[in-house]
1. List the helices (runs of 4 or more DSSP H) that sit entirely inside the range 178-271 and contain at least 3 residues that are open to solvent by 90 Å² or more (accessible area, probe 1.4 Å) and of a type outside the set (S, T, N, Q).
2. For the range 73-109, enumerate the residues that are open to solvent by less than 20 Å² (accessible area, probe 1.4 Å) and of a type in the set (G, A, S).
3. Being under 20 Å from H202 (Cβ atoms) and either out of contact with any strand residue (DSSP E or B) (no Cβ under 6 Å at 6 or more places or on another chain) or at pLDDT 95 or above (or both), is that true of even one residue in the range 83-97?
4. Given F112, F62, which one is touching a strand residue (DSSP E or B) at 6+ places or on another chain (Cβ under 8 Å), assigned to a helix (DSSP H, G or I) and surrounded by fewer than 20 Cβ atoms within 10 Å (Cβ to Cβ)?
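The values are calculated or read from the model by the stated rules, or taken from the named source; none is laboratory data. These figures come from a predicted structure and were not determined experimentally. Glycine gets a Cβ as well: all are built from the backbone with ideal geometry, and neighbour counts include every protein chain shown. Surface areas here come from the heavy atoms of the whole protein model, side chains and all, with no ligands, DNA or RNA. Shrake-Rupley method; radii C 1.70, N 1.55, O 1.52, S 1.80 Å.
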Amino acid sequence: MAENSPRKQQKTDVVKSTNVKFQKGHVSRKKRGQVMGSLGGFRGCTVWFTGLSGAGKTTISFAVEEYLNGKGIPAYGLDGDNIRTGLNRNLGFSPQDREENIRRIGEVAKLFADGGIVALTSFISPYAKDRIQARRAHEDAGLPFFEVFIDTPLEVCEERDVKGLYKKARAGLIKGFTGIDAAYEPPVEPDLVLKAGEFGVHECVRKVLKMLEKRNVLPFSAVDDVRELFVPDDQIETARADAASLHSVNITKLDLQWVQVLAEGWATPLRGFMRESEYLQCLHFGTLQDGQLLALCVSW
């Protein structure tokens, strides 16, 4: 990986295309969602993995890609090195070229997302303004964008040094290397932080999937087999404070046992007691729908 390119740089925000007009196609996102994958439903979005070289961006994004495709959900991993072997092979590593690199991939990811694919980008993307611009491009198009910060310490990345780049940078053979003699601007408010230096790939993938489920990109059935409703240890105090502000009712021991049943996941895929929409689904169809029809025996 060569760093600064000797070629003359140009501003990347200059619009040179004139007399062009965006042409809207005839296929809606709803229609694409009906034919993309085996689960049905439009799930197009971009998950933007950012972090230092060697942080684990590509490893995690490719693992998520493999998992989602295995569940019948179209996903594609857009890796920084892979993109630089083709689309962006004419770009170096100067600040201007880095900006253009991220601008291009932001637009490519947006097209993937608009096509109903979960785009998984793994780029160092060191500058906050470039990541913000990528998010804005998606938001302007009405597409979900999730920034995932792979927060792996520099010393861990150097210890891994899979490509031998840190060693070269320390020896002065590579100039402008992010984390050594070029700055990395960590996300201020990422959608998810992954401590890839502390947790394994499986746990990091699980966290990404849970985030996508909570943001209504993935159906529950694509993430878990059993939905437990216990409050996580780190959220107990917050839950108690919220509960204290709510109206209360007295319950019997039998009622409490039913609450326990729900908490242990016996009512999967319900998130709690049945709501009206869920009741009507059972009443009319004998099933619950969670991104796909779930085989569910309903007794009256």
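1. On the way: elements: 201-214, 236-244, 253-263.
Because the criterion is at least 3 residues that are open to solvent by 90 Å² or more (accessible area, probe 1.4 Å) and of a type outside the set (S, T, N, Q), the helices (runs of 4 or more DSSP H) in the range 178-271 that meet it are 201-214, 253-263.
2. Those that are open to solvent by less than 20 Å² (accessible area, probe 1.4 Å) and of a type in the set (G, A, S): A75, G77, G80, G92, S94, G106, A109.
3. No, there is no match, as no residue in the range 83-97 is under 20 Å from H202 (Cβ atoms) and either out of contact with any strand residue (DSSP E or B) (no Cβ under 6 Å at 6 or more places or on another chain) or at pLDDT 95 or above (or both).
4. Within the list F112, F62, the selection yields F62.
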